[in-house]
Each structure stands twice: as structure tokens, then as C-alpha cells.
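Accompanying notes for the structure given below.
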Amino acid sequence: MPILEVKGLKKCFGNVAVLEGIDFSLQKGEALAIIGSSGSGKTTLLRCLNFLELPDGGSISVNDEIIFDASVPATQSEEEIRKKRLHFGLVFQSFNLFPQYTALKNVTLACELLAKDAADFKEDRKEILTDIENRAKLLFEQIGLSDKLYFYPHQLSGGQQQRVAIARALALNPDILCFDEPTSALDPELTGEVLKVIRSLADKKTTMVIVTHEMQFAREVSDNVLFIDAGVVVEAGKPEEVLLNPKEERTKRFLERYSNA
Amino acid sequence: MNFLTVTTKLLEGFWLSCIIFFFTLFGAMPLGLLVSFGSMSKFRPLKIISKGFVWVIRGTPLMLQLMIVYYGPGLMFGLTAFPKMTAVLIAFIINYTAYFSEIYRSGIEGVPRGQYEAGQVLGMTKTQIFFKIILLQVVKRIVPPMSNEIITLVKDTSLARVIALMEIIMVAFTYTTKGVIWPLFYTGVFYLVFCGGLTLLFGFIERKLDYFRV
């Protein structure tokens, strides 16, 4: 049973169709790399999964439960979507850390706010908050930034900020962690540290969807690759197949352009 | 006409200037927020009204607005005029609402979309996103332009004399008929001290918010 199943996902912006019926599924513990040129729709696909864009057609199921169906308005109310969102985590290209909070608070904030909704929060307040903080500190160990807990985002390098952003997404224990070109906004010498963290997550069998331009990295870290062009899935399969022996003409042309660049 | 009597007289005038100043702030700061929401609204009629209001008010002199509020009701409709202070406050609050609304708008629109989106994907409600993430960033962005505008307001209070409200400069000016100029210079001291205090206050707030960058 796939943990994520996307069927016929469509999205238009005005008259421009960006996604024209995307189908794919993802098994638990699998890392899926999505590649494609700029404007192919891969970022839009990721934003649809996180409901930053509402798809115009198709459905999204997590653990066999339909969490979004474009033909069923009941799945589209704001409150519903806010809850369903928590199945997914998203790491942005531009980090988007909250500048007024320390690295630690960036990671704990959402958990604290969710905990406040719980019925038993008032009695066990102290305990719950310490628990959240301790879990966050474990995440900082994982990303190798335990010495930067109380730094503000502007005091961190881009690579460090992105690692904190990864910890922030992980803190809510999403079923599926999405990455939107996580290293594209970084200086080349800083991409390594971020890729290392993602690689360690893959080793721990974290379920991930990674939109990336780093072909080498996609090959190493992913279990499957999806090549998207002009809003459709052109080719899907094992990284060795898609990236080394592509069958489709469009995939070949795309990869050629990349190796020449 | 010794120093002490002049000081007392000027203080009386300055008291009126202070009333104009504080009540204008008190009225225009929240109203400006309302108008800025109007200017950013997706509902077109509201947006057009708000933008039109800002255009008219910022595009005409405060002195003209003051005259219209004070003389308008009587000359146009034969009504009794507002008391002077009321007329001044109406004109000032309307005028500063327009300016503040534009400062708020630029502050709110300046917060990157990514900040809202980061809050959304973390499952926060709209209210949580506004109060926990956006608000403080907006405050930090608007402190410098607001301090500018508020310091301008201190000096704009002197415009109240066009409808003969006895604010501090008008008081000092009465002495010139007796051939004495120094009370006019003396009013400058009041303004300088008041604006100096505000400058210190805003500097303090800016330093308080200096621990993060937006």
C-alpha cells in the first residue's frame, strides 16, 4: 500500500495549464526525486501537495485516505486543509525561517501552538513544553547544529539556515517530507552540508519528495525518479534507468543540456 | 512681560498643541490600519474608495482641509461650526489616517509571501500566523517611517492657528505686535525638546527590535 498516491493532478494559473494530470505514488520510506527544467511544473506540484496551491483537478491520498479531491468541495475547507497539511512537511528553496525567533524557537513554535489546542495542555504545560524542547534539541543534534540553538537566523549561514528549516519541518513528524530545490539558493560551497543532512534522512528511511537540480545527488539519494516536462510525467523509474539510460527523447535532451551546463 | 509670564502663556498654548498631537495619534493610528486593510482588499469597490481617500487627503494641503472642516458646514449648509478644537482634531485625524495607512500598507506588503507560507505548511491558523509571525516584522518595518511622520505631526500642530486656535506659535506671535520677537524663538525650544524626546523614544524602540533582521 503506497503512503502517498496522486491521481490526475491538474493546476492552471489563468489560462496557463501548469500541471496537466500528474500521477505517481510513493511507498513508505522511499525517496522520490522530481527533476525537470524550470517552468516544467515541479515546484507547483510540490506546492499542491502542501496545499499552498489548490489543485483544479485530481486527488491526493495518504495512507489510503483521500485527503483532497478536486471534485469534493468538503475536502477543501480551510480548516480541513490546515489539518491535512500536517501529513506533509515542506522545506523551501529560500528557507523562510522566522527572523524574530531563535533557531530553537523556529523549530518548536508550531509544535507549541498545536499542543496548546490539546485538552490537557493547561495541567501539563511545563512537561509538554520541555518535551517539545527536548525533541527539538535532538533534531539539532541530527543536523549538527547543537551549538547554534539560540542563534537568530541572520546570524547563521545559508546552509545552516536551511538545516534549521529541515529540523523545523521534521519537528511535526510529517508522513512525507518535501524539498523544493533545497540547495538552489545556496552558494556552491554550502550545498554539501545540506545534502549531507538529506542523505542521512534517506538512510533513516524518511519518506521524501525532493525537487532538485542536483542530478548527481538525485541519483545517489533517491529510490525513484520522476521526470516532469510541460506539466506531465514524461518518465518515471529507478534513478539508474531514468538518469543513465533514459528511454524518452525529452528526458535525453534534458539530461544532455544538464551535462553540458 | 517678563520671562515667567511669557513661559506660562506659551505653556498654555503648548498644552493645546499637545492635545492635538496625542488625540491625532490616538485616532489616526487605528483608523490608518482600517484604511490600509481597505487599500489591500481584494474587494474592488472598497479598494477604490480607500485608495481614492488616500489620494485626495495626501494630495491636498492640511491647511485647506482644516479650513474646509471649520468653515465648510457653516458656509455650505448654514450649520453652526464645530468648536475649534473639534474641527482641528477631525481634520488632523483624517489627514494622518491617510499617511499612516500607507505606512502600514508598505509594512504589511513588505513581509515576504514565504513567511505566510512557512506558517501555513506548519499547520498554523491565519490568526496565529498574523500574531506570531507577521505582526512583529511589520512593526519593525514601520518604526522608522512612523517616527518620521509622528515628528512631522508635532510641527504640523502649529497649522491649527489658521482657524485661530491659540496653539503655542499663535500665542508667541501676539507678542510681535508689541515689537518683541524672542517669544517666537522661545517656541522653538518647546518643539526641539518635544521632538528630542520622541527621537530618543523611537531610537529606543528601534534598538529593542535590533536583535533580528527582516
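The values are calculated or read from the model by the stated rules, or taken from the named source; none is laboratory data. Computed from a predicted model, the values in this text were never measured in an experiment. Using ideal geometry, Cβ is built from the backbone for each residue, glycine included, and neighbour counts are taken over all protein chains shown. For accessibility, only protein heavy atoms count, side chains too; no ligands or nucleic acids. Shrake-Rupley method; radii C 1.70, N 1.55, O 1.52, S 1.80 Å.
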>> Could you tell me how many of the residues in the range A:161-189 are over 24 Å from residue A:150 (Cα atoms) and β-branched (Val, Ile, Thr)?
In response: 1
> Of all residues in the range A:26-69, which are open to solvent by 30 Å² or more (accessible area, probe 1.4 Å) and not in a loop (DSSP other than H, G, I, E, B)?
Replying inline: A:43, A:47, A:65, A:66, A:69
> Quick one: how many residues across the range A:75-89 are assigned to a helix (DSSP H, G or I), within 14 Å of another protein chain (Cβ to nearest Cβ) and open to solvent by 20 Å² or more (accessible area, probe 1.4 Å)?
Replying inline: 8
> Do you know which residues across the range A:104-162 are of a type in the set (S, T, N, Q), over 24 Å from residue A:88 (Cα atoms) and in a helix (DSSP H, G or I)?
Replying inline: A:130, A:146, A:155
> When only residues in the range B:154-167 that are out of contact with any Ser or Thr (no Cβ under 6 Å at 6 or more places or on another chain) and surrounded by 21 or more Cβ atoms within 10 Å (Cβ to Cβ) count, which is farthest from residue B:32 (Cα to Cα)?
Replying inline: B:165
>> Just to be sure I understand, how many residues within the range A:25-48 are touching a helix residue (DSSP H, G or I) at 6+ places or on another chain (Cβ under 9 Å) and hydrophobic (A, V, I, L, M, F, W, C)?
In response: 4
>> Quick test of your reading of the structure: residue B:96 fulfils all but one of (1) in a helix (DSSP H, G or I); (2) surrounded by fewer than 18 Cβ atoms within 10 Å (Cβ to Cβ); (3) touching a helix residue (DSSP H, G or I) at 6+ places or on another chain (Cβ under 7 Å). Name the failing condition by number.
In response: (2)
> What number goes with the only condition from (1) touching a helix residue (DSSP H, G or I) at 6+ places or on another chain (Cβ under 6 Å); (2) modelled with pLDDT of 95 or more; (3) farther than 18 Å from residue A:168 by Cβ that residue B:84 does not pass?
Replying inline: (2)
> Within the range B:6-24, which residues are open to solvent by less than 90 Å² (accessible area, probe 1.4 Å) and closer than 16 Å to residue B:180 by Cβ?
Replying inline: B:6, B:7, B:8, B:10, B:13
> From the set of residues in the range B:36-55 that are open to solvent by 30 Å² or more (accessible area, probe 1.4 Å) and touching a residue at least 40 places away in the same chain (Cβ under 8 Å), which is farthest from the chain's Cα centre (by Cα)?
Replying inline: B:40
>> Name the single residue that is most open to solvent (accessible area, probe 1.4 Å) among those in the range A:2-25 being of a type outside the set (Phe, Trp, Tyr) and over 20 Å from residue A:75 (Cβ atoms).
In response: A:15
> Restricting the search to the range B:117-151, which residues are buried (at least 18 other Cβ atoms within 10 Å of the Cβ) and outside any helix (DSSP H, G or I)?
Replying inline: B:122, B:123, B:124
> Does residue B:74 qualify as being open to solvent by less than 30 Å² (accessible area, probe 1.4 Å) and either among the basic types (Lys, Arg) or at pLDDT below 95 (or both)?
Replying inline: yes
> Taking the range A:90-103, which residues are facing chain B (nearest Cβ under 7 Å), under 20 Å from residue A:142 (Cα atoms) and either open to solvent by 30 Å² or more (accessible area, probe 1.4 Å) or not in a loop (DSSP other than H, G, I, E, B) (or both)?
Replying inline: A:90
> Of these, A:52, A:46, A:32, which one is among the hydrophobic types (A, V, I, L, M, F, W, C) and either in contact with a Gly (Cβ under 6 Å, 6 or more places away or on another chain) or more than 14 Å from chain B (Cβ to nearest Cβ) (or both)?
Replying inline: A:32
> Which of the residues belonging to the range B:40-71 are among the β-branched types (Val, Ile, Thr) and in contact with a Leu (Cβ under 9 Å, 6 or more places away or on another chain)?
Replying inline: none
>> Name the single residue that is farthest from residue B:14 (Cα to Cα) among those in the range B:168-214 being among the β-branched types (Val, Ile, Thr) and open to solvent by less than 30 Å² (accessible area, probe 1.4 Å).
In response: B:180
> Failed condition for residue A:72, given (1) surrounded by fewer than 17 Cβ atoms within 10 Å (Cβ to Cβ); (2) aliphatic (A, V, I, L, M); (3) touching a residue at least 40 places away in the same chain (Cβ under 8 Å), with all others met?
Replying inline: (3)
